[in-house]
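Structure, as structure tokens:
The values are calculated or read from the model by the stated rules, or taken from the named source; none is laboratory data. As the structure is a prediction and not an experimental result, all values here were calculated from the model. A quick note on method: Cβ atoms are made from the backbone with ideal geometry, for glycine too, and the neighbour counts reach across all protein chains shown.
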Amino acid sequence: MAAQSNNVIEVKNVVKKFGDFTALNNVSFTIKEGELFGLLGPNGAGKTTMINLILGLLKVTSGTIIIDREDISRNPERIKKIIGMMTQETVVEPDLTAKQNLELFARLYGLSEAEMSKRVSEALKDANLEDKANVRAGTFSGGMQRRLELVKSMVNVPKILILDEPTTGLDVQNRVDMWKRIRELSKRGVTIIMTTQYLEEADSLCERVAVIDHGEVKAIGTPLELKKQVATKPILEIFAKADVLDSIAEIIRVKYKLKPEILGEKLLAEISGDTASVVSGIMKETSKRKIEIYSISSRLPTMDDVFIKLTGSSLRDTTSGTYESTRSKMMTRR
Ligand SMILES: Nc1ncnc2c1ncn2[C@@H]1O[C@H](COP(=O)(O)OP(=O)(O)OP(=O)(O)O)[C@@H](O)[C@H]1O
Ligand SMILES: [Mg+2]
């Protein structure tokens, strides 16, 4: 017999169809115990569908999902008990207080009165909502509501925590706060699977990421592995007025044999050869020809580049509506 793996979630060849529409097409991935795993993809990629399948709220068309060594179709009730969940939409009960929201949830999980009281006060403390315990949750800011939901998802002390777009719609400050909280839970050993449409979030928070687009997994790995996979060469980045970029591109093509791509007021090209001499050579040449450049630099590939490459939308395709809308929803780098 094979040695037991420490995989907590195993998704194997999962297909999910809604009528004729294939929302997930042959999706496979595994998540190890204690891992902080991200499903990264744009709107409509299939992230929530995948989460709902893991939770047993939807049934697979084909394929299997094994959680904690058990096929979810065999024992859905046991599996539900070991999973905590924060949904994409905010679902706090607006007319109940923060405390009552937590108590309601604890009762659903069948916690005893004593246990409930202990866990609820811990949760209020964790969420920095102790002073708001008896205030109606409907009056809370978006950030406070999400904090309440996060601790609520942990009330039954689950082994696995699922967070569906935990930071979408939050301002920068609350997003950073949420990241801190998620990291904290991960350090405590909770296995976390989260979805995100933010490249930056996947990059800085998740230990491993599956890039998902149109229901298909395009790549899986650590953020660094994904970046290495995309390009080993540094990327030249030049900002200039759109109308002069063409002549800069021409210099780069002819003199350095690179393949520049223009994106609005930006030019990108993978650098081959010595980076410093390419950059300084271009600066000299453009200055000689009095071509005005805002900035020129070289950098390593980012998750943005990874996404563009993996989803098949090359820089050339940016004028197409679908790609543009995908891109605009993605957080820009830095
Ligand atoms: N119950 C359903 N019936 C029909 N189609 C559905 C259903 N649920 C989801 N879909 C479709 O499946 C695709 C994937 O949807 P899903 O909600 O999983 O995407 P998502 O990655 O979570 O997107 P978002 O970032 O917008 O939340 C979409 O095209 C959606 O319209
Ligand atoms: Mg979703």
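In this structure, is G273 modelled with pLDDT under 95, under 28 Å from A45 (Cα atoms) and loosely packed, with under 14 Cβ neighbours inside 10 Å?
Numbers: modelled with pLDDT under 95: yes; under 28 Å from A45 (Cα atoms): no; loosely packed, with under 14 Cβ neighbours inside 10 Å: yes.
Considered against the rule, which asks whether it is modelled with pLDDT under 95, under 28 Å from A45 (Cα atoms) and loosely packed, with under 14 Cβ neighbours inside 10 Å, G273 comes out as no.
Summed over the range 122-134, the residues that are in contact with a helix residue (DSSP H, G or I) (Cβ under 8 Å, 6 or more places away or on another chain), farther than 14 Å from L150 by Cβ and part of a helix (DSSP H, G or I) give a count of 2. Criterion first (modelled with pLDDT of 95 or more, surrounded by fewer than 21 Cβ atoms within 10 Å (Cβ to Cβ) and farther than 30 Å from S121 by Cβ) does E207 satisfy it? The answer is yes for E207. Filter the range 174-224 for residues that are within 16 Å of ligand 2 (Cβ to nearest atom) and in a loop (DSSP other than H, G, I, E, B) and give the result. Passing the criteria: Q197, Y198, H214, G215. Assess whether E70 counts as being closer than 24 Å to V190 by Cα and free of Cβ contacts under 8 Å to residues at least 12 places away in the same chain. The answer is yes for E70. Looking at V244, V254, V211, which is the one that is of a type in the set (V, I, T) and more than 30 Å from E292 (Cβ to Cβ)? On inspection, the qualifying residue turns out to be V211.
For the range 61-77, check the following and say yes or no: at least one residue is in contact with a helix residue (DSSP H, G or I) (Cβ under 9 Å, 6 or more places away or on another chain), within 16 Å of ligand 2 (Cβ to nearest atom), in the same structural domain as D164 (by TED's automatic domain parsing) and closer than 27 Å to Y198 by Cβ. No, there is no match, as no residue in the range 61-77 is in contact with a helix residue (DSSP H, G or I) (Cβ under 9 Å, 6 or more places away or on another chain), within 16 Å of ligand 2 (Cβ to nearest atom), in the same structural domain as D164 (by TED's automatic domain parsing) and closer than 27 Å to Y198 by Cβ.
Condition first: of a type in the set (S, T, N, Q) and loosely packed, with under 15 Cβ neighbours inside 10 Å. Now tell me which residues in the range 158-182 satisfy that. Let's see the steps before the verdict.
First pass over the range 158-182, keeping only residues of a type in the set (S, T, N, Q): 167-168, 173-174.
Q173, the sole residue that qualifies.
Taking the range 1-62 as the region of interest, the strands (runs of 3 or more DSSP E) fully inside it that hold 1 or more residues being on the phi > 0 side of the Ramachandran plot are 7-18, 21-32. Scanning the range 1-43 for residues that are surrounded by 14 or more Cβ atoms within 10 Å (Cβ to Cβ) and among the aliphatic types (A, V, I, L, M) yields V8, I9, V11, V14, V15, A23, L24, V27, I31, L36, L39, L40.
Applying the selection to the range 269-303, what residues are part of a strand (DSSP E or B) and closer than 16 Å to S247 by Cβ? Walk me through it before giving the result.
At the first step, the residues of the range 269-303 found to be part of a strand (DSSP E or B) are 269-270, 295-299.
A269, I296 - these are the residues of the range 269-303 that are part of a strand (DSSP E or B) and closer than 16 Å to S247 by Cβ.
Contact map, the range 10-30: residues that are outside the structural domain of A210 (by TED's automatic domain parsing) paired with residues that are near ligand 1 (Cβ under 9 Å from one of its atoms), Cβ distance under 8 Å, separation 6+ or inter-chain. No pairs are found. So G46 fits all but one of (1) among the small types (G, A, S); (2) surrounded by fewer than 22 Cβ atoms within 10 Å (Cβ to Cβ); (3) within 16 Å of ligand 2 (Cβ to nearest atom); what number is the exception? Failing condition for G46: (2).
For the range 92-116, the candidate set comprises residues that are without any contact (Cβ under 8 Å) to a residue 12 or more places away in the chain and more than 24 Å from T139 (Cβ to Cβ); within that set, the residue that is surrounded by the most Cβ atoms within 10 Å (Cβ to Cβ) is E115. Listed by first and then second residue, the pairs linking a residue in the range 169-180 that is modelled with pLDDT under 90 to a residue that is of a type outside the set (G, A, S), with Cβ atoms under 9 Å apart and 6 or more places separating them unless they lie on different chains, are G169/T90; G169/R146.
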